[in-house]
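The values are calculated or read from the model by the stated rules, or taken from the named source; none is laboratory data. Here the structure is a predicted model, which is why all the values come from computation and not from measurement. Heads up, the Cβs are rebuilt from the backbone with ideal geometry, glycines too, and the neighbour counts pull from every protein chain shown.
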Amino acid sequence: MSIWIRVIIYLVAAPVVGCLLSGWDRRITARMQARQGPPILQPLYDVMKLWGKENLVVRRSQNLYIWFFLVLVIFTGGLFFAGADLLLVIFALTLGAIFFVLGAYKASSPYSFIGAERELIQIMAYEPMVLLTAIGMYIATRSFSVEAIAGHSKLLVLTLPGVFLGFLYTLEIKFRKSPFDLSSSHHAHQELVRGITTEFSGRTLALIEIAHWYETVFLLGWVYLFFASLPMLGVAVSLFVFVFVILVDNVFARLKWQTAVRSAWLVTAVLGFGNILILSLLQNK
Amino acid sequence: MTACNPMTPLTLLILSLIMVPLATGLGLAFLRIDALRKVVVVGVTLAVCAGTIALVAVSAPLDLGGGMSLNNHWINMAILGAEVTMSLYIIYVGLRAKHAMIVLLTLAQMGLMGWFEFTAGAHVEVTQNLFVDKLSVIMALINGLVGGGICIYALGYMREYHEVAHREVRDRRPLFFALLFVFLGAMFGLIFANNLMWLFLFWEITTLCSFLLIGYTQTDEALRNARRALVMNLAGGLAFAMAIVWCYRQTHGIELQALIGSKQALVLVPAALLCFAGITKSAQLPFSSWLLGAMVAPTPVSALLHSSTMVKAGVYLVLRMAPVITGTKVGTMVALVGGITFLVGSLAAITASEAKRVLAWSTIANLGLIVLCGGIGTYEALWAGVLLIIFHAVAKCLLFLCVGVVDHKMHTRSIEEMSGLIRRLPRVAVMMLIGMAGMFLAPFGMLISKWAVLKAVVDAAPLLSVFIVFGSAATLFFWVKWMGKLVEVTAAGDTDKKEFGLSEGVALYSLGVATFLTCLLFPLISSQFVEPYVMDVYGQTASLSKDNILIMTIMMALVMLFPLSFIGYGRGVKVVDAYLGGANVGGSVRFLGSANAVEEVTMHNYYLRGFFSETWLSRWGGIGGSVFLAIMLLVSYFL
């Protein structure tokens, strides 16, 4: 498949898949809490409803940041599915995340401000492991290109089990799922209100939701990379990971940010770095 | 001693790049007329800029490896005389301050060099005193253009400094500008010197100049910090002197290029000593405190020390040593010092709320990254290291100059007080944001360079990447929260009518444009300057693939669209009050608190001081750095 076809498929299919996943997320969560839950397409209805709402802002430029957040998230996924350099993908992802945070700062309200600060802490918590994951994949395949990594003949998870587990841990933070829903909780009216998204409403909130769909697909795509040599297994594990994240979300209460950073860095150092340490020792022999 | 070769235009150009700023500096020391000084400073700065740009044009067709012999008994005598004079002055300073270390280190240095002159001086033969290659051209461009920009900025800044902001400080502007130019001249000398004796002279001149500039305000704190900088750099100077003696003992020559070309085992000790000198000058752990202390000086000094001169001299020397130390234990230790400095510097920057301190820690951290590249010393690492030097100089200089303007306008350097800067001083705020983006955001230069570093590290020593991944995460945190402070607006206020004067404006805008241009022209800079240099040294070079350049160009275009999107500013939106739990009192900035008291909304950034402690980080980072340095010196001798 040529690069452009892959990218176009991603651009069209990712929001559909992301939307469905988000619907299932709400449904599965509801069932875990012994509720009926909304229809699978509820996220789509939400976005459509939001789109028609009045555009309320606190600061006139705050929504511009969110537009760029969305564009960069889509761009990140595009790079990823085009098979580009994994490190560049991470940098694009980070740039997008920063636009989101700056938008929340721009809104200049105490709740979004706290949300922005906490989101930064979350980024700081997961960034090392995300970078180490790329490095681990490079050491295993001698390439940073997603294309080459996906085409690697061996099952990557077997050489990178620690990195995989570490990546799962940080995925929980990246998805802002409990116990790491520090910057913005799915369940409003807590001490944070909605944290980083407090001051975004209407169409802008819909954009954030759409960005989340794209992001989900891209991140699950990354999980798939660990199993890319066995495509069916890869898809199955990606979906399993998605359900697992929801389970954890429902089982754990929110942690303090100190615990979040400390534990994420510890996991990065022990599982991620430990894996790479062993790998480079073995390769030197 | 052989006679002078006929002067080629290139030799002449290089000599004038060194001598003109030095001579101007000496002249400015006695020039008390402000208007005339302005003319001289602008004139000479423009000439120096033109000279460095000419260097690009002139040197391309000429043989870059070609040597320049300037052997003349009188020149050597003059150099010796200058060195002795400086040493005597430093001893005088040390005695007056009753500072034993200053005196001892200088005496040791003098004794060593005197003994060397006495026993070997007459036999030393140097065929090339000066040397030009692509790396020197890059360094010269940074020094000329960025350093020149600082001199222009200083004209307006120092007038406001003495006439408005700091009336209590004695106006010694003639000395100030004299030192700036001597500094620039010495830096040119340092870049072009091949004779280690010459290099050492210019090295010591920068040490002395920075001592005098840091102590410019003559307050107790300034003098104390100046002496600390002096002591640490003198320690580096002593290592440098030892390197010269050792190099002569091993190779019977004192030429930089000869040293680099020698067999590794032969010159490992002098290379390690020179790395030690470079590490002190570039404020790596455990020597970081001098650069943090240097903040007490007026802003142009900080900008000069942090971006184009002083610390860059240190990393320049380390990068020069890279081919010698690559693959050795010495190289590993140098890389470890750089790595730990990057990590500790980045974490410590999180805890700092004073703008200049954040910038200082960030400088230390980024220099650590360059030192890390030097220590790894593969062709990829060298490529990345040189790129870091270029991008860091431009963006960091811009940031310092912005902080200087804010300091004068708002009388604060606290990041907390910069809240809403985008409304009060929009131009400065935008320049600052550009500078910060240049420091850490994709696809700006520093991030591309970090990416290159990461690749180089993973190829050569994957385990060292642990410093980079954690350090980068911290870097992100402290820059974004600062950016956030600039863009948030919590209280009503007016835009200042006049944000900065002409000279500051010229410097800020040209550096802002330069941050963009260096990024846009990045492929060109890499292919025209950096890659040929790496090719010269290693016979192979790293470069960016076409695909990645394309992706980065797209990203750059996306980022550039952001300011354009402000055309739609405020269109189709309805402004409402921020959510304050429904207890707003007339807007977004006050709310009804407990007992019906009206409270102001305040928002403060996180500094995580309970989580990371600056003292703890400095202490353990310093211990770690010292251990690595000690091992480096030991293994260079015993292996």
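Quick check on B:Val428: is it crowded, with 24+ Cβ neighbours inside 10 Å, away from chain A (no Cβ under 13 Å), under 26 Å from the mean Cα position of the chain (by Cα) and at pLDDT 90 or above? Can you show your working first?
Numbers: crowded, with 24+ Cβ neighbours inside 10 Å: yes; away from chain A (no Cβ under 13 Å): yes; under 26 Å from the mean Cα position of the chain (by Cα): yes; at pLDDT 90 or above: yes.
In short, yes.
Is it true that B:Leu199 is within 17 Å of the chain's Cα centre (by Cα) and under 22 Å from B:Ile142 (Cβ atoms)? Spell out the reasoning first.
Working: within 17 Å of the chain's Cα centre (by Cα): no; under 22 Å from B:Ile142 (Cβ atoms): yes.
Answer is no for this residue.
Out of everything in segment B:26-60 that is crowded, with 16+ Cβ neighbours inside 10 Å and under 21 Å from the mean Cα position of the chain (by Cα), what residue ends up being nearest to B:Ser136 (Cα to Cα)?
Result: B:Thr52.
What number of residues within segment B:583-639 are among the acidic types (Asp, Glu) and at pLDDT below 90? Talk me through it step by step, then tell me what you get.
Filtering segment B:583-639 down to residues among the acidic types (Asp, Glu) leaves B:599-600, B:614.
Now narrow it down to the ones that are at pLDDT below 90: B:599-600.
The qualifying residues number 2.
For A:Gly151, indicate whether it is more than 10 Å from every other protein chain (Cβ to nearest Cβ), out of contact with any strand residue (DSSP E or B) (no Cβ under 7 Å at 6 or more places or on another chain) and either surrounded by fewer than 24 Cβ atoms within 10 Å (Cβ to Cβ) or at positive phi (or both). I'd like the intermediate steps shown before the answer.
On the way: more than 10 Å from every other protein chain (Cβ to nearest Cβ): yes; out of contact with any strand residue (DSSP E or B) (no Cβ under 7 Å at 6 or more places or on another chain): yes; either surrounded by fewer than 24 Cβ atoms within 10 Å (Cβ to Cβ) or at positive phi (or both): yes.
Considered against the rule, which asks whether it is more than 10 Å from every other protein chain (Cβ to nearest Cβ), out of contact with any strand residue (DSSP E or B) (no Cβ under 7 Å at 6 or more places or on another chain) and either surrounded by fewer than 24 Cβ atoms within 10 Å (Cβ to Cβ) or at positive phi (or both), A:Gly151 comes out as yes.
From B:Leu634, B:Leu629, B:Leu580, which residue is over 25 Å from the mean Cα position of the chain (by Cα) and in a helix (DSSP H, G or I)?
Working: B:Leu629 fails: over 25 Å from the mean Cα position of the chain (by Cα); B:Leu580 fails: in a helix (DSSP H, G or I).
Step by step, each of B:Leu634, B:Leu629, B:Leu580 is checked, and only B:Leu634 is over 25 Å from the mean Cα position of the chain (by Cα) and in a helix (DSSP H, G or I).
Go through (1) within 29 Å of B:Pro443 (Cα to Cα); (2) in contact with a Phe, Trp or Tyr (Cβ under 9 Å, 6 or more places away or on another chain) one by one and return the number of the condition B:Gly501 breaks.
Among (1) within 29 Å of B:Pro443 (Cα to Cα); (2) in contact with a Phe, Trp or Tyr (Cβ under 9 Å, 6 or more places away or on another chain), B:Gly501 violates only (1).
Where residues in segment B:556-601 are of a type in the set (Val, Ile, Thr) and within 30 Å of B:Pro443 (Cβ to Cβ), which of them is nearest to the other protein chains (Cβ to nearest Cβ)?
Step one: list which residues in segment B:556-601 are of a type in the set (Val, Ile, Thr), which gives B:559, B:567, B:573, B:575-576, B:585, B:589, B:598, B:601.
From what's left, within 30 Å of B:Pro443 (Cβ to Cβ): B:559, B:567, B:573.
Details: B:Val559: 8, B:Ile567: 10, B:Val573: 5 Å.
Going through the qualifying residues, I end up with B:Val573.
For segment A:119-144, give me each residue that is without any contact (Cβ under 8 Å) to a residue 40 or more places away in the chain, facing chain B (nearest Cβ under 7 Å) and either surrounded by fewer than 24 Cβ atoms within 10 Å (Cβ to Cβ) or more than 29 Å from A:Leu271 (Cβ to Cβ) (or both).
A:Ile123
Tell me, which residue of segment B:341-356 that is aliphatic (A, V, I, L, M) and farther than 13 Å from B:Trp479 by Cβ is surrounded by the most Cβ atoms within 10 Å (Cβ to Cβ)?
Residues of segment B:341-356 aliphatic (A, V, I, L, M): B:343-344, B:347-350, B:352, B:355.
Add one more test, that the residue is farther than 13 Å from B:Trp479 by Cβ, and what stays is B:343-344, B:347-348.
Working: B:Leu343: 24, B:Val344: 31, B:Leu347: 26, B:Ala348: 28.
The selected residue is B:Val344.
Name the residue, out of B:Glu221, B:Glu204, that is under 18 Å from B:Gly114 (Cβ atoms) and assigned to a helix (DSSP H, G or I).
On the way: B:Glu221 fails: under 18 Å from B:Gly114 (Cβ atoms).
Every option except B:Glu204 fails the conditions.
I need the full set of residues from segment B:402-439 which are in contact with a helix residue (DSSP H, G or I) (Cβ under 6 Å, 6 or more places away or on another chain) and under 27 Å from B:Gln528 (Cβ atoms), in order please.
Correct list: B:Ile434, B:Gly435, B:Gly438, B:Met439.
Is it the case that some residue within segment B:517-525 is under 30 Å from B:Leu259 (Cβ atoms), within 24 Å of the chain's Cα centre (by Cα) and either assigned to a helix (DSSP H, G or I) or within 14 Å of chain A (Cβ to nearest Cβ) (or both)? Please lay out each step first, then the result.
Quick first cut of segment B:517-525, residues under 30 Å from B:Leu259 (Cβ atoms) only: B:525.
Retained after the next criterion (residues that are within 24 Å of the chain's Cα centre (by Cα)): B:525.
Adding the requirement that they be either assigned to a helix (DSSP H, G or I) or within 14 Å of chain A (Cβ to nearest Cβ) (or both) leaves B:525.
Among the residues of segment B:517-525, at least one is under 30 Å from B:Leu259 (Cβ atoms), within 24 Å of the chain's Cα centre (by Cα) and either assigned to a helix (DSSP H, G or I) or within 14 Å of chain A (Cβ to nearest Cβ) (or both), which makes the answer yes.
Take residues that are more than 15 Å from B:Val487 (Cα to Cα) and tell me which of the helices (runs of 4 or more DSSP H) falling wholly in segment B:380-469 contain 2 or more.
Of the helices (runs of 4 or more DSSP H) lying wholly inside segment B:380-469, those with at least 2 residues that are more than 15 Å from B:Val487 (Cα to Cα) span B:426-440, B:445-460.
Being farther than 25 Å from A:Trp257 by Cβ, outside any helix (DSSP H, G or I) and more than 34 Å from the chain's Cα centre (by Cα), is that true of even one residue in segment B:601-619?
Looking for residues that are farther than 25 Å from A:Trp257 by Cβ, outside any helix (DSSP H, G or I) and more than 34 Å from the chain's Cα centre (by Cα), one finds none in segment B:601-619, hence no.
Quick one: would you say A:Glu119 is closer than 29 Å to A:Lys256 by Cβ and charged (D, E, K, R)?
So A:Glu119 passes the test.
Can we say B:Leu112 is in contact (Cβ under 8 Å) with a residue 40 or more places away in the chain, assigned to a helix (DSSP H, G or I), in contact with a helix residue (DSSP H, G or I) (Cβ under 9 Å, 6 or more places away or on another chain) and not hydroxyl-bearing (Ser, Thr, Tyr)? Please lay out each step first, then the result.
Working: in contact (Cβ under 8 Å) with a residue 40 or more places away in the chain: yes; assigned to a helix (DSSP H, G or I): yes; in contact with a helix residue (DSSP H, G or I) (Cβ under 9 Å, 6 or more places away or on another chain): yes; not hydroxyl-bearing (Ser, Thr, Tyr): yes.
Taking the combined requirement at face value, the residue satisfies it.
Taking the stated definitions as given, is B:Gly374 within 14 Å of the chain's Cα centre (by Cα) and farther than 23 Å from B:Ala507 by Cβ? Can you show your working first?
Numbers: within 14 Å of the chain's Cα centre (by Cα): no; farther than 23 Å from B:Ala507 by Cβ: yes.
When the stated conditions are applied, B:Gly374 does not pass them.
Show the residue pairs meeting these rules: Cβ distance below 7 Å; 6+ apart or different chains; first residue within segment A:23-34 and over 14 Å from A:Thr216 (Cβ atoms); second residue in a loop (DSSP other than H, G, I, E, B) and of a type in the set (A, V, I, L, M).
Cβ pairs passing all conditions: A:Arg27/A:Ile40.
Which one of the conditions (1) out of contact with any Gly (no Cβ under 9 Å at 6 or more places or on another chain); (2) within 9 Å of another protein chain (Cβ to nearest Cβ); (3) part of a loop (DSSP other than H, G, I, E, B) does B:Leu544 fail to meet, given that it meets all the rest?
Against the list (1) out of contact with any Gly (no Cβ under 9 Å at 6 or more places or on another chain); (2) within 9 Å of another protein chain (Cβ to nearest Cβ); (3) part of a loop (DSSP other than H, G, I, E, B), B:Leu544 comes up short only on (2).
What's the total number of residues in segment B:240-286 that are within 21 Å of B:Met333 (Cβ to Cβ), free of Cβ contacts under 8 Å to residues at least 40 places away in the same chain and surrounded by fewer than 24 Cβ atoms within 10 Å (Cβ to Cβ)?
Of the residues in that region, 5 qualify.
Run B:Ser503 past the list (1) outside any helix (DSSP H, G or I); (2) touching a residue at least 60 places away in the same chain (Cβ under 8 Å); (3) more than 10 Å from chain A (Cβ to nearest Cβ) and report the number of the one that doesn't hold.
For B:Ser503, the failing item is (1).
Which residue, of B:Val324, B:Val301, is β-branched (Val, Ile, Thr), under 17 Å from the mean Cα position of the chain (by Cα) and part of a helix (DSSP H, G or I)?
Of B:Val324, B:Val301, the one residue that is β-branched (Val, Ile, Thr), under 17 Å from the mean Cα position of the chain (by Cα) and part of a helix (DSSP H, G or I) is B:Val301.
Quick check on A:Leu266: is it within 14 Å of chain B (Cβ to nearest Cβ) and surrounded by fewer than 18 Cβ atoms within 10 Å (Cβ to Cβ)?
Considered against the rule, which asks whether it is within 14 Å of chain B (Cβ to nearest Cβ) and surrounded by fewer than 18 Cβ atoms within 10 Å (Cβ to Cβ), A:Leu266 comes out as yes.
Suppose we filter segment B:527-569 for residues that are loosely packed, with under 12 Cβ neighbours inside 10 Å and farther than 30 Å from B:Leu319 by Cα; how many remain?
6
Please note which helices (runs of 4 or more DSSP H) are completely contained in segment A:40-118 and include at least 3 residues that are closer than 26 Å to A:Thr141 by Cβ and more than 7 Å from chain B (Cβ to nearest Cβ). I'd like the intermediate steps shown before the answer.
Working: elements: A:42-51, A:62-82, A:86-107.
Those helices (runs of 4 or more DSSP H) span A:62-82, A:86-107.
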